[in-house]
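What follows is a short report on a single structure.
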Amino acid sequence: MQNETHPRTGVDWPRAQAFLARERAHYAARNPQSAELAAQAQQHLLFGVPLHWMNDWGTPFALHVAHASGAVVTDVDDHALVDFCLGDTGAMFGHAPAPVAAALVNQATRGYTTMLATADAAAVGQALSERFGLPFWQFAMSATDANRYIVRWIRAATGRKKLLVFNGCYHGTIEDVFVDLVNGQPVQRSSLLGQVHDLTEHTVVVEFNDLPALEAALQQGDVACVLAEPVMTNIGMVLPEPGFWAAAQALIQQHGALLVMDETHTISTGPSGYARAHGIEADALVLGKPVGGGVPCAVYGMSASLAQRAMQAKQTAPPGHSGIGTTLTGNMLAMAAMRAALTEVMTPSAYTHMLTQAQALASGLQSVLKKHRLPWCVTQVGARTEFQFCATPPTNGSEADRVLDGELEHLIHLGLLNRGILITPFHNMMLVCPQTTPAHVAQLLDALDAVLGEITALSPSA
Ligand SMILES: Cc1ncc(COP(=O)(O)O)c(C=O)c1O
């Protein structure tokens, strides 16, 4: 524990620790119903929550939700919380968007899962192909699985075994990606539970924005594909340097590998995602989380040539399991939700509103940080905005990792939550949705101003 003003973050640690103690007590006092439900859940749920990550909010006990609509989550103690986490992107277009709710109600008495297509299938395929410019699509139940399947298809189609990822990436819990660069060496992430295979055998890892390292890795001639977010978003945001993707694409092509863009988070950029907006021509694209308005489902698309090679791989394989797909994939409920989300929710006008509010949020954040003389930077990718504990944005995963500060994040998030604001528990990410209003943005900025006033030195020169 630190006990003086931290030179890099500018935070006064004794004040911050005292603030955290007060906020924990305040949280406990204002959430008695959540406390009661958390105690009950503790009896039969491992870690007391449906998914152990739910404890990563770091609250003294799990917050329980009564309902969520648009940009607002109402907890069981009847606090209306303005939500900038939005289910860590699953609800990027607002909670329970009306067209998706209507589609679900319509489907509710017409069956959920038959392992057969409905009329929504062709319509969703067409909507995806028009939006993203890739002709062939398949589905999954999560972005994790969509990544897993596209990597499998590409390994099968190319006959190459290796996957290349960028250091510090996250693409869901697809095992292959959990290899980090430690002192320049690939190392399997030590936090993985129950992982018995040596992931370094088939995964190559280089730093983002490092073209010479990318070229050296591709020159081995055994990389099936590069799986990447066009902007890294999961270790704090890391933007591509100008020209990085054009040069990277040329190298990938030159060495016979393929490029998969995981747009699960960067769909915040605009209706067709970051890659299309920035002229990146990927061989495959993955999108999960908000594509069904928050209903579990995901999609992955392929170029015509990859699709042909993938189909050939299946046709020439021995009969039996492909290892790709799950029973509920492409179920009737998910297809109905995706059709509504793609055609009525993820619209250009929704993005116009989101981008305007996100811009206001980003400049408001800069003013608040300046007021408190904090050397932190603000990065924005469309509807997604983040502040990081460093003066200039990191350029790769190692740099981004070095400025993460879980303790500091945690006390800021708890302070905001007690003031009616939710932001994403992992790092300092804020998303706006079509229902986020200027008043919501102002409420976040006021709350952050109050929290920062509590954790910085009373006198800037002190
Ligand atoms: C870029 C990216 N891809 C894939 C995933 C996995 O999504 P899910 O957990 O819904 O499978 C995530 C989750 O955060 C993500 O950030």
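Some points to look at:
- Accessible surface of the chain [probe 1.4 Å, protein heavy atoms]: carbon and sulfur percent: 56 percent
- In order along the stretch 255-265, the phi-based Karplus estimate (6.51 cos²θ - 1.76 cosθ + 1.60, θ = phi - 60°) of 3J(HN,Hα) comes to 9, x, 9, 10, 10, 10, 9, 8, 9, 4, 9 Hz; Gly and Pro are listed as x.
- 3J(HN,Hα) couplings calculated from phi for the stretch 393-407 with the Karplus curve 6.51 cos²θ - 1.76 cosθ + 1.60 (θ = phi - 60°) are, in sequence order, x, x, 10, 7, x, 5, 4, 5, 5, 4, 9, 5, 8, x, 5 Hz; Gly and Pro show x.
- The angle between the Cα long axis of helix 438-455 and the main principal axis of the chain comes to about 60°, on a 0 to 90 degree scale.
- Compared with the dominant principal axis of the Cα atoms in the chain, helix 13-30 is inclined by about 80°.
- Protection proxy ranking of 447-455, 39-47, 21-29 - average other beta-carbon atoms within 10 Å, highest first: 447-455, 21-29, 39-47
- Helix 304-316 axis, angle to the chain major axis (alpha carbon atoms, nearest 10°): 60 degrees
- Remark: the stretch 386-445 carries 29 Å² of accessible area per residue (probe radius 1.4 Å; ligands, DNA and RNA excluded).
- Using only side-chain charges placed at the Cβ, +1 for Lys and Arg and -1 for Asp and Glu, the dipole size of the chain relative to its Cα centre rounds to 680 debye.
- Dipole magnitude (debye, nearest 20) for the stretch 52-129, charges at Cβ of Lys, Arg, Asp, Glu: 400 debye
- Relative contact order, percent, the stretch 93-229 [alpha-carbon distance under 8 Å, six or more residues apart]: 23 percent
- Charge-dipole axis of the chain as Lys and Arg at +1 and Asp and Glu at -1 on Cβ define it, positive-most pick from TRP13, LEU163, HIS427: LEU163
- Charged-residue dipole, Cβ positions (Lys, Arg, Asp, Glu), the stretch 161-259 about Cα centre, Debye nearest 20: 100 debye
- Top positive-direction residue, dipole computed over the stretch 298-389 with Cβ charges, set GLN366, GLY325, GLN312: GLN366
- Relative contact order (%) - criterion: Cα under 8 Å, at least six apart; region: the stretch 152-260: 31 percent
- Bridge type composition, the chain - antiparallel percent by DSSP, nearest 5: 65 percent
- Solvent-accessible heavy-atom area per residue, rounded to whole Å², over the stretch 1-52 at 1.4 Å: 63 Å²
The values are calculated or read from the model by the stated rules, or taken from the named source; none is laboratory data. What you see is a predicted model; the values in this text were computed from it and never measured. Note that we place each Cβ from the backbone using ideal geometry, even for glycine, and neighbour counts take in every protein chain shown. When the accessible area is computed, the model is the full protein with side chains, heavy atoms only, and any ligands, DNA or RNA have been set aside. Shrake-Rupley method; radii C 1.70, N 1.55, O 1.52, S 1.80 Å.
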